[in-house]
Structures are given as structure tokens and as C-alpha cells.
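S.K.: A single structure is presented below for examination.
The values are calculated or read from the model by the stated rules, or taken from the named source; none is laboratory data. A quick note: this is a predicted structure, and the numbers were derived from the prediction, not measured. Here the Cβ is made from the backbone with ideal geometry for all residues, glycine too, and neighbour counts use every protein chain on show.
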Amino acid sequence: MEVPRTQLAVKLLPSLTDVAFLMPIAFLFGRMDGLVTLLGDCDTGWHIRTGQWILAHRAVPFQDLFSYSKPGSPWYAWEWLSDVWFALLNGWGGLAAVALFAVLLLAVTFALVFRLARRHSSPWVAVAVTMLAATASSIHWLARPHLFTLLFTAVFCSVFDQVRGGRTRFAGIPWLALLPALTVLWTNLHGGFGVGIVLAAAFGAAELLEWAVAAGGDRTSASWAAARRYFACAGLCALASLINPYGWRLDQHVVAYLREPFQGEHIAEFLSVSFHHPIAIFFEAMLLVGAWAAFECARERRFAEALLFVVWAHAALLSARHIPLFAIIAAPMAARTLDRAIARLARARVAAGLRSAAAAFERISAETAAIDAVGRWHPASAAAVVTLALLLYAPHPPKRFRAEFDPDRYPAAAVAKLGGGAAARIFTFDQWGDYLIYRLYPGGRVFVDGRSDFYGAEFERRLMDALNVNPGWDKTLAGFGVDTVLMPPNAPLAGALKESGGWRVEYDDGVAIIFRMRERGAGPTVSAATGGGKSRDREVTKTQASDRSITEWKSKT
């Protein structure tokens, strides 16, 4: 009787998988700003409204829904399935449900990363590497459809790891045959589906390289056969990506968008990370450990890991939005290398204290692995999710648990002052345009929003010129019939409009200023604030001396 009772007690205890699952939640709400961070980008708002339109019309849009600057222009809602899901969640439980789902996506993703790292290392090494990967990836934790790409990347990496380990089938079906089916779902959830194709092709290229350097025998034949399977998988995944409401045009659109140099030069998440960012130190650590692991793998002729490191480290150094993908892909190779290094240290001719510490670590890891091998029911994870839900839906939750777009960053009071906004042609920058869609649609339309792929480089340049009061800014506003401007107090355009005889301040609450076009014959410009804002002089038009992502008003700051 004691043995079943003991096993039952163990099943109720937290496992290391629970630790990995809870890790993003603890970091998000313990060390970051919780939902202030997760809802820090208001793209979530237009995704919800797009999903509501799709549900109402039982169709996907082929033309713009939101702007007065490009009305009726062709537009692909390339994340339409995510939009529908976000709209359903918002309908069931408001922004809190959307945020809770985003947290769960992150938790499940890094639980999978831990399980993958655990196959190649001791449990505590896997925990440490997963923590490092999660922390590095937090630079792009937002409640947006790209979280699905993080999840699918972890799933694809797990499948390829199973196949390389000789476990080629799941329920009698080849693992590689399942990936094209998953690609169909991935394609309709987020435009990052190309990551899966690149992963499959990289494994194929690695097998080809192994075939090229090997000297005859069965291993050479096996490598050639494996390369063909991986390339076939990549090709089938590419074909599967055509199964979407827009067909081949979606793939063409994604490729054209990623090739446009404007995105990498002006959109913050496409820029290289600033190594002064507090998260950068964790990214640097992943780079160092990953490079070490890639070198070790190349020496052992495990070319897949080395090739994947080169590809994704390069991508992460070019663009901050690729850092989470790099962290997920590099985690298992990093765990394997660190685990082997500890094992070598325990037997190396080094100081006795180092050998003893490494040996003790191995012993504790072995004991932990034996305990962790017992199956669990994961009540700790379930309790944490329930507790989080209760906090999100509490009558007066702490700020980190408030499911709202931060009123200190977004013009909540100013938009309430605008009312429905149906008659106004409001000019603001893209993130506040997203917020206007969330608050005013379908009653109002926007000049611009976060859909940079829709507006295009030339339009975005005109937007930046207007925001930075470059020559011709007034003609841009006049050309689009703008009669209302909504700006933060420190925006260069706000200072210019205060000195312009054609505009008057209607509202100023310190977060946002509403400017209205002055009627002909009206009196001089008045800079008085009606919403509690402070008076400001011409200094607000000066750009800030900071890093290049905020030295001028740009798209997707």
C-alpha cells in the first residue's frame, strides 16, 4: 500500500517541466511589467478588430478595412486565423482572455524547449539553458500572432530531434509527413511559417555535407537518403503554405515584405538589438554558449547544429525579432555542450574543488532525473494558471495584471474626448493608429497603423517626414484632408503645430494633445491645455540624443 501512496504523492509534486512552464510567467510578472509589457504593442487591437470583421462577414478581407489614406486598397490579412481566435477570446473574456492565452503560449513553448534540451543533458542543465533562452527571448514578448511561430519552431525542432534520434514515426505515421500538415495551420496563423521550411532545408543541407565529407560505406548512403527526406519535407511544407485564402499571393507578399530594405532600416523590431538593452546580456550569453556548441558539433561532424547556429545567430544579430527564434533553436545544442563539459570537468586534472563540485552536480542531477522520471499530473502549473486568471479578472488588479493598453503610453483619455471619431480625419503615428482602430472602429478610420506591409515604404517615408516636421509636412496633412492631429507632447510635430497659425490645441492631458484645424479668420494660436497638461516651449521639436531606434519619430517605435 505504501508504494502506490508514495507514487500518488510524487505525481502531485511539481516536476521540472512545471518549472519550465512557470518560468516565463514568473519572469513576465516578477521581473518585467506583466501585461504592461505583453500589451505594450497595440497591433493586438487591429488583430482583434480584423477577426471580428471576418466572423461577421464569414470571409477574409481582400481590401483595406481601417484607413482613410488608402481606402479600398488591396490588403492581405495574412494572420487571419490568429485574428479570428483573438476576436473569439476577446468576445468571451475581453483583453484579459487574449493576454492569458498569450501567456499560456509562452509557457507551453518553453516547456517544450525544456523537454528538448532535457533529451541532450541532465535536468538542471536543461533548466538553466531554458531559463537563459526564455530570458533572451523576452525582448519580443507581445500578445501578437508571432507567438504561434515561437511555438511551432519549438515543435518542429522537437520533431527533427526525434527523427535524428531514430524515432521516425508517431502512431505509425512518419514524423516528417506530419510537418506539412502543421505548416498549413502555421501559415494561416502567422507569416513566420518560412522558419519551418528553413529548418527542414538546413537539416537536409547538413546531411548533404555529411555525405560529402564521409568516405563511402553505409553512413554515406544513410546521409544521402536522410538529405532527400529532409528536402522532400521542406518542399512539401512550401507547397502546404499555399493552402490559405490568398494562395500563392501570400507567399509572394511575405517574401516581398521581408526583402524590402525599409523595414530593416526603420522599424524597431527589425533593427539590430542595442547591446545596452537590459536583455542583451542574456542574448550575448546564448551567442557565446551557442558558438561553443556549434564548434563542438562541427568537430563531431554534427553539421546540422553548426549550420543552424550560423543561420539563426546571423538573423538574430540583424534583427531583434529573430532573437527568440535563435534562443529556441540554440537551446538543445547549448545544453548538450554544457552537460558534456561538466562531465569532463568531473574527471579532468584540475583543482580538487572544481572536480568535487562537478561530480556533486552530476550526482544531484542523476538523483533529480530519477525522481523527475515519475509521471506527474502538473497541479502546480494548473494552480498557477488559475491564480493568474483570478488576478486578471479581479475587480481592482495591480497594474501588472491589468488587461489594458497602458494609459500612460496610449491616449485613452484623448480618444474618449474624440468620441466616435467618425467625422474626423485624424493624423497620428502607427502605434496610436492601432489604438484608434481598437477604440473607434468601425466608427472611425485612421491615417496609418501598424500594418507596415500594407502601407509600403514610400507612404511610411512621407509619414516620417510629417512626424519629424521635414519639408513638405504640411502638404502631406493637407493632401490627405487631415483636420485633427493626435500627438504626444514631446513629438516634433506637436511643437510645430503649436506655432502654426492653422491649428489650435483642443485638449492636452500630458499624455496626448489633440490639435484641430483652425477655421479661416480665427484668432491666434492658443497653447493652453484643457486636459491638465503643462505648458511647453519650442524645445519639444528637438530630437532626443539616444540610440537610433528613437532619435527621430519612426514607424513601429
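S.K.: One residue is enough: does the range 382-394 have a residue meeting the conditions within 30 Å of Ala268 (Cβ to Cβ) and either touching a residue at least 12 places away in the same chain (Cβ under 8 Å) or in contact with a strand residue (DSSP E or B) (Cβ under 7 Å, 6 or more places away or on another chain) (or both)?
M.R.: Yes, the conditions are met somewhere in the range 382-394.
S.K.: Here's a follow-up. In the set Gly72, Gly91, which member is more than 28 Å from Cys157 (Cα to Cα), outside the structural domain of Thr484 (by TED's automatic domain parsing), of a type in the set (Gly, Ala, Ser) and out of contact with any helix residue (DSSP H, G or I) (no Cβ under 9 Å at 6 or more places or on another chain)? Walk me through it before giving the result.
M.R.: Numbers: Gly91 fails: out of contact with any helix residue (DSSP H, G or I) (no Cβ under 9 Å at 6 or more places or on another chain).
From the options Gly72, Gly91, the qualifying one is Gly72.
S.K.: Looking at the range 180-196 only, could you name the residues that are buried (at least 24 other Cβ atoms within 10 Å of the Cβ) and β-branched (Val, Ile, Thr)?
M.R.: Selection gives Thr183, Thr187.
S.K.: Answer with yes or no whether Thr149 is part of a helix (DSSP H, G or I) and touching a Ser or Thr at 6+ places or on another chain (Cβ under 6 Å).
M.R.: Answer is no for this residue.
S.K.: Given the range 408-519, what helices (runs of 4 or more DSSP H) lie entirely inside it while holding 1 or more residues that are farther than 27 Å from Thr44 by Cβ? Show your work before the answer.
M.R.: Numbers: elements: 412-418, 430-440, 452-467, 473-479, 492-499.
The helices (runs of 4 or more DSSP H) meeting that bar are 452-467, 473-479, 492-499.
S.K.: If you don't mind, another one. Pull out all pairs, ordered by first then second residue, where Cβ-Cβ is under 9 Å, the residues are six or more apart or on different chains, the first lies in the range 44-58 and is touching a residue at least 24 places away in the same chain (Cβ under 8 Å), and the second is outside any helix (DSSP H, G or I) and of a type in the set (Lys, Arg).
M.R.: Thr44/Arg144; Trp46/Arg451; His47/Arg144
S.K.: Just one of the numbered conditions (1) surrounded by fewer than 17 Cβ atoms within 10 Å (Cβ to Cβ); (2) under 20 Å from Ile513 (Cβ atoms); (3) in contact with an Asp or Glu (Cβ under 9 Å, 6 or more places away or on another chain) is not true of Ala416; which one?
M.R.: (3)
S.K.: Go through the residues of the range 338-353 one by one and say whether even a single one is closer than 29 Å to His146 by Cβ, in contact (Cβ under 8 Å) with a residue 24 or more places away in the chain and in contact with a helix residue (DSSP H, G or I) (Cβ under 7 Å, 6 or more places away or on another chain). Please lay out each step first, then the result.
M.R.: Just the residues of the range 338-353 that are closer than 29 Å to His146 by Cβ, to begin with: 338.
Still in the running and in contact (Cβ under 8 Å) with a residue 24 or more places away in the chain: 338.
If we keep only those that are in contact with a helix residue (DSSP H, G or I) (Cβ under 7 Å, 6 or more places away or on another chain) as well, we get 338.
Yes, the conditions are met somewhere in the range 338-353.
Condition check ((1) surrounded by fewer than 18 Cβ atoms within 10 Å (Cβ to Cβ); (2) under 22 Å from Phe283 (Cβ atoms)) across all residues:
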{"position": "Phe326", "(1), (2)": "no, yes"}
{"position": "Ile329", "(1), (2)": "no, yes"}
{"position": "Ala334", "(1), (2)": "no, yes"}
{"position": "Ile342", "(1), (2)": "no, no"}
{"position": "Leu354", "(1), (2)": "yes, no"}
{"position": "Ala366", "(1), (2)": "yes, no"}
{"position": "Ala369", "(1), (2)": "yes, no"}
{"position": "Ala384", "(1), (2)": "no, no"}
{"position": "Ala389", "(1), (2)": "yes, no"}
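S.K.: Moving on. Please verify whether the range 208-221 includes one or more residues that are modelled with pLDDT of 85 or more, crowded, with 21+ Cβ neighbours inside 10 Å and in contact with a helix residue (DSSP H, G or I) (Cβ under 8 Å, 6 or more places away or on another chain). It would help to see each step written out before you state the result.
M.R.: As a first pass, look at the range 208-221 and keep what is modelled with pLDDT of 85 or more: 208-209.
Next, from what is left, pick out any that are crowded, with 21+ Cβ neighbours inside 10 Å: none.
Looking for residues that are modelled with pLDDT of 85 or more, crowded, with 21+ Cβ neighbours inside 10 Å and in contact with a helix residue (DSSP H, G or I) (Cβ under 8 Å, 6 or more places away or on another chain), one finds none in the range 208-221, hence no.
S.K.: Only one of Ala177, Ala143, Ala117 is buried (at least 19 other Cβ atoms within 10 Å of the Cβ) and assigned to a helix (DSSP H, G or I); which? If you could, list the steps in order and put the result at the bottom.
M.R.: Details: Ala177 fails: buried (at least 19 other Cβ atoms within 10 Å of the Cβ); Ala143 fails: assigned to a helix (DSSP H, G or I).
Step by step, each of Ala177, Ala143, Ala117 is checked, and only Ala117 is buried (at least 19 other Cβ atoms within 10 Å of the Cβ) and assigned to a helix (DSSP H, G or I).
S.K.: Okay, moving on. Consider only pairs whose beta carbons are under 8 Å apart and that are at least six residues apart or on different chains; among these, list those whose first residue lies in the range 469-481 and is closer than 17 Å to Ala491 by Cα and whose second residue is part of a helix (DSSP H, G or I) and of a type in the set (Ser, Thr, Tyr).
M.R.: Val469/Thr541
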